[in-house]
Amino acid sequence: MKTFIYNIGFFFKEAIRTIKSNVLSNFISVIGTSLILFLLGMVVTVTYIGNEFVSKLEQEAEINAYYKENLNNEDIIELTEVISNIEGVTDARLVDEEEAKSYMEGMLGEEAKILELFDENPFTAYIEVRINLSTMDNVIPEISRLDDIDYVRDNKGVLSQLNGIIRGIEIFGALIIIAVGITTLIIISHLIRQGIYNNKEQINTLRLLGASEGFIGFPYILVGLLLTLLGGLIGTILLLLLINGSYDLLGNGFLFLPLPDRGLMVRYIIMFIMGISFILGLLGSLFGLSSIGKNN
């Protein structure tokens, strides 16, 4: 360990020298790697936002239970209490006609003036039921079976479609990760092999001097790590610029969107991209080092 620490300066000098020996090729590889990782980061970001979006919708999932018109106030209060005690229901409250109308006016915005055409309030009271989405398949039938319930309206179809979209994005993201991994490994291993070939005389000299394979190969591992980490850093910067611009646009124009916390997402993306960069750089370097043979 002491020997390794003592030689760390030499390892970095050799790595920098190897990179400088073919600047153009390494520069193109870094740009290509950064664009690939940027694409990966976009897929991960969309998946993250989608999962957060669906998660928040699930937390706020609600159904509307419409009761029969012949119920009096006491019956309605008792029915609301019965519904609130059903397993999977987190809250139940009565929404009267005026509140239902106000809610719809908020939804319609400027188009709400069409409601003025009605002489009487066209909306009926209902019981707003907040539920755990995972229990929806059990809760809805149980509420529907209550004698005093006329019918139940839910948004399960919309949430199911959103979940399907997110699952599709996740599958697409997995394919992108595989493609990015294979492409990056090929690029880095090729650069390492090229560096080894260009320095084969020095490698043979080090072997004659008794240097171990680890001592000879470690600078090339550093080359792979430095190139992929630099590519990951550039890709991350580009992605952060895109995220910040998108948040400013969506935050000002689409206030109804439940966007995830920007700080948490940015930290997650940075750790993910830089972590993937490190792993791919290490693996690519090790694959490239396999070309070091006794005949070099």
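Put simply, of Phe11, Phe4, Phe38 the only residue that is at pLDDT below 80 and open to solvent by less than 50 Å² (accessible area, probe 1.4 Å) is Phe11.
Does Thr124 satisfy the condition of being open to solvent by 40 Å² or more (accessible area, probe 1.4 Å), modelled with pLDDT of 80 or more and assigned to a loop (DSSP other than H, G, I, E, B)? Yes: the conditions hold for Thr124. Kindly indicate the residue of region 92-112 that is modelled with pLDDT under 80 and touching a helix residue (DSSP H, G or I) at 6+ places or on another chain (Cβ under 9 Å) and also least open to solvent (accessible area, probe 1.4 Å) among those meeting that condition. This residue is Ala112. When region 203-225 is filtered for residues that are part of a helix (DSSP H, G or I) and open to solvent by 60 Å² or more (accessible area, probe 1.4 Å), the ones remaining, listed by number, are Thr205, Leu208, Glu213.
The values are calculated or read from the model by the stated rules, or taken from the named source; none is laboratory data. Values in this document were obtained by computation on a predicted structure and should not be read as measured data. When we count neighbours, we look across all protein chains shown, and the Cβ atoms used for this are built from the backbone with ideal geometry, even at glycine. For the accessible areas, the whole protein counts, side chains as well, though only heavy atoms, and no ligand, DNA or RNA atoms are used. Shrake-Rupley method; radii C 1.70, N 1.55, O 1.52, S 1.80 Å.
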